[in-house]
Amino acid sequence: MVDKPIAPDAGKIGEGVRALIRPTGVALVGVSDDPGKMSGNPIRVLAASQFEGPVYPVNPKRDTIGGHRAYASVDDIEGNPDVALIVVPRDAVATAIAACGRKGVKAAIVISSGFAETGELGAQRQAELKAVAKAAGVRVVGPNCTGYFSAAGKLPLGTSAAFLTGRYRAGNIAFITQSGAIGTAMLTRADERGMGPSLWFSTGNEMDLQVSDLMLAAVEDEHSRALILYLESIRDVRSFGAASRVALEAGKPIIALKVGRSSLGAEKAQAHTGALIGSDGVYDGFFRQNGIIRVDNIDSLLPVAAIFQSRRDWGGGKVGVVSVSGGLAVYSADLFEELGIPLAVLAPETLGKLGATSEFSTPGNPFDPAGAVTSNPQIMIDSVQAFLEDPDVDVLVVVLPFGVHILRVVPPVVAEAAKRSGKMICLVRWMPADYGREQTDALRALDIPVFESLDECAAAIKARTVWEADRKAILSSPAVGSSGELSVFPSSVPLLETETRALLAAYGLRSPREAVARGGGDALKAATAIGFPVVMKILSPDIAHKTEAGGVVLGVSESDVSATWDSIVANAAAYNSAAHIEGVLVQETAPEGVEVIVGAKHDSAFGPVVMVGMGGVLAEALASVSIRPIPLSRFDAESMIDEAGLSPLLASARRGRPSDRGALVDALLAVSRLMNDHGDHIAELDVNPLRVLLEGEGVIALDGLIVSPAVEASN
């Protein structure tokens, strides 16, 4: 295996993509002026836009379209368009693309359908079209897409209903969607929230330009502060990861909804690892690894993006709450604590100021200034100012319940305070959706995100809290690649447990002292040399799960060794009569510790992935795991331990001191290096259990299983 570094040109975009950001002229190939046809929409959309460049309709049946001179072909255009929209029938698309290449068009948006989305024949047509576009030097969005929008270019180009109805506005969020219908809905929903796109792409079939290319366009676009992605698949995970890293370095967060969460499982898995790693779990790990915020539902995309589009200071993310409702103040305290969002500890001076603002309120955080603010706005002014001046408050959340006078008083107070402070301020308007929008929408011009509920606001703050911490950790934690000196991979297939653990030992994962016994007498000699009590296990390449076969006995004393040898061999023969028995492994009893499972396998999209979770015989029953594609960084390993729910177990000092978390981190990095070096020989790797000893004592691999690709294929 080889490392997967980010390509040197990963952050670069070509002329074609750059032309989409700031187009200078547009050719509309196949458009009409018939409002009853889809081909009639683009010219109407452009007529209502502020696009300042020349427009060149191409239709041999018209002399003029939408007040513009129409051309019989792209070759006849008397100008130099750099972007083209293509809405001709399927069989005419290739001819149009070739003509665009001759004319110097750098990028084309292909609305036309009938390609790979229709099946095998359509896929063949798309491959032929791709070859034509490549030869012509034209970058393509689509085919089978809805269009795109650029705020920098003031250009809506396509057939989206949001363009046609005008239910969208320019903004500073880049929307990239693999569903035209969902993308259109997002435009209208954003408009309702006073938000809008800096760039908007419906990617269609992604014949040429993929999501990752358009992500890079958003990074380069100065109008884009954050990215929203609707994903059904990632066609090239390496390019996607590289683009994500470029966005992270640029400080442009990515908020993604990836659908298709159901796990396909691993029906033929021999190791626990295969049963525990599902396809969606790998996406979770990949997103966290690359600093991407994954949301669980479509309605979370815009609220989370809202807190990132603000340029106000985030500071350390400690929250102060001023709620014009005692009930919502209490609810906010519960909500923030549940999400692990730190509430600011107010200074004594702040508490004194709050105590002086209203005789009806108790100073604290959250703070309810009481309904008297409607008759005495100064109470709200002083309350908000006190919070913003407190050194421990980084983010101020102002909560408004439904109220006529509250809307009259509070938004202007917040607006004035925002002009005097650069701190992050969030407003929660918990009231009917159609009520008082003018007063709250005005705050967005001051970079104050407005939320429809406390839950929305808290989830957005949590997302930013995690992203801020992850970004810092990821950028300072390089991935660990090859070990440098490759160990020799055993040639036997399948591998014995002894061979697997010898390989693990070469990467720093030590095992208990052990010996192979061919009979009861050998077992007694080995156990005497190792020291009682011992562990005895069947040693067979044909028995993957020894416990299930009755092939593991713990705590064997001197008097029971010979009989245990006999029973283990008999159990193994009954479990699998065809199994080849190498003997019985006599092993020292390891010190007590926290048992985890560490595994690795190949994912069809991401390649080798590493997993950690609760170990022992309950590994599959608990199914509490975290997964990452290789190569892992130290940040990956640390966050995997947290996600798998292992942190409380490791931190417990019930045995005198915590367990050796650092050694488990090193073990995960070692398995990552092992898969990097020898992944071609390994279909599945299963270390279960890996026992984490007390702090400073390391980890010890009690069992190990490697399934070769040949063995997996035969099952």
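The values are calculated or read from the model by the stated rules, or taken from the named source; none is laboratory data. Quick caveat: nothing in here was measured; it's all calculated off a predicted structure. Note that each Cβ is placed from the backbone with ideal geometry, even for glycine, and that neighbours are counted across all protein chains shown.
Some observations on this one:
- Here the condition is being modelled with pLDDT of 90 or more and of a type outside the set (Lys, Arg); of ALA479, ALA517, ALA544, ALA445, it holds for ALA517 alone.
- Options LEU486, LEU496; residue that is closer than 27 Å to ILE682 by Cα, at pLDDT below 95 and surrounded by 17 or more Cβ atoms within 10 Å (Cβ to Cβ): LEU496
- Tally, over the range 98-150, of residues that are part of a loop (DSSP other than H, G, I, E, B), under 22 Å from GLU232 (Cβ atoms) and among the small types (Gly, Ala, Ser): 5
- Checking ALA502 against (1) part of a helix (DSSP H, G or I); (2) crowded, with 19+ Cβ neighbours inside 10 Å, the condition it does not meet: (2)
- Considering the range 179-204, the residues that are surrounded by fewer than 22 Cβ atoms within 10 Å (Cβ to Cβ) and part of a loop (DSSP other than H, G, I, E, B) include one that is farthest from the chain's Cα centre (by Cα), namely GLY194.
Results for (1) surrounded by fewer than 21 Cβ atoms within 10 Å (Cβ to Cβ); (2) over 23 Å from LEU554 (Cα atoms); (3) at pLDDT 95 or above, shown as yes or no for each residue.
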| site | (1), (2), (3) |
| --- | --- |
| MET640 | no, yes, yes |
| ARG655 | yes, no, no |
| ASP660 | no, yes, yes |
| ASP666 | yes, yes, yes |
| VAL671 | no, yes, yes |
| ILE682 | no, yes, no |
| ASP686 | no, no, no |
| GLY696 | yes, yes, yes |
| GLY704 | no, no, no |
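- With respect to the conditions (1) free of Cβ contacts under 8 Å to residues at least 60 places away in the same chain; (2) buried (at least 17 other Cβ atoms within 10 Å of the Cβ), VAL304 falls short on a single one, namely (1).
- Applying the criterion of being among the small types (Gly, Ala, Ser) and closer than 27 Å to ALA372 by Cβ to the residues of the range 313-328, the residue that is surrounded by the fewest Cβ atoms within 10 Å (Cβ to Cβ) is GLY327.
- The residue that is nearest to the chain's Cα centre (by Cα), counting only those in the range 429-442 that are part of a loop (DSSP other than H, G, I, E, B) and modelled with pLDDT under 85, is ALA433.
- Any chance GLY315 is of a type outside the set (Lys, Arg), in a loop (DSSP other than H, G, I, E, B) and within 20 Å of ALA469 (Cα to Cα): yes
- Which listed residue is buried (at least 20 other Cβ atoms within 10 Å of the Cβ), under 35 Å from the mean Cα position of the chain (by Cα) and either part of a loop (DSSP other than H, G, I, E, B) or at negative phi (or both), from VAL414, VAL384: VAL414
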